[in-house]
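Only one structure is covered here, and it is reproduced in the block below.
The values are calculated or read from the model by the stated rules, or taken from the named source; none is laboratory data. The shown structure was predicted, so the numbers you read here are calculated from the model rather than taken from an experiment. Cβ coordinates were reconstructed from backbone atoms using ideal geometry, including for glycine residues, and neighbour counts include every protein chain displayed. Side chains included, ligands, DNA and RNA excluded: accessible areas come from the protein's heavy atoms. Shrake-Rupley method; radii C 1.70, N 1.55, O 1.52, S 1.80 Å.
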Amino acid sequence: MITEHQAIQMLREAYENAPHGEKMLSIQLFGIRHADQLEGMNLSKLASDATGKELGVELNYGVKLSRHVVLKQP
């Protein structure tokens, strides 16, 4: 299980390292990949702390999508 502080750091890194035009996608993918570990966390606060923007909706989309998608391995 990851802590909220770890989740913020990981999401910040994913957001900052996302290719141009894929920042929202990187947040959604983070939610998909870490949905189980994010359970019980305030997603709006986590996204805001990680990115400085109100992107909790994007993170929530990813968590909800995690129940319906399987990620392809590169």
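Here are some notes:
- Residue selected from the range 17-41 under the condition open to solvent by less than 80 Å² (accessible area, probe 1.4 Å) and among the small types (G, A, S), by the criterion nearest to the chain's Cα centre (by Cα): G31
- Test result for E58, among the charged types (D, E, K, R) and open to solvent by less than 60 Å² (accessible area, probe 1.4 Å): yes
- Single condition S44 does not satisfy, out of (1) assigned to a helix (DSSP H, G or I); (2) more than 12 Å from the chain's Cα centre (by Cα): (2)
- Residue match in the range 49-71 (condition: out of contact with any Lys or Arg (no Cβ under 8 Å at 6 or more places or on another chain) and at pLDDT below 95): yes
- Scanning the range 61-71 for residues that are open to solvent by less than 70 Å² (accessible area, probe 1.4 Å) and among the β-branched types (V, I, T) gives V63, V69.
- Tallying residues that are closer than 21 Å to L71 by Cβ and either open to solvent by less than 30 Å² (accessible area, probe 1.4 Å) or among the charged types (D, E, K, R) (or both) within the range 4-15 yields 5.
- Filtered residues of the range 18-41 (kept if assigned to a loop (DSSP other than H, G, I, E, B) and either within 23 Å of M1 (Cα to Cα) or touching a strand residue (DSSP E or B) at 6+ places or on another chain (Cβ under 9 Å) (or both)): H34, E39, G40, M41
- All positions within the range 11-20 that are out of contact with any Ser or Thr (no Cβ under 6 Å at 6 or more places or on another chain) and under 17 Å from E54 (Cα atoms): L11, R12, E13, E16
- Of residues in the range 42-55 being without any contact (Cβ under 8 Å) to a residue 40 or more places away in the chain and open to solvent by 40 Å² or more (accessible area, probe 1.4 Å), the one nearest to T3 (Cα to Cα): N42
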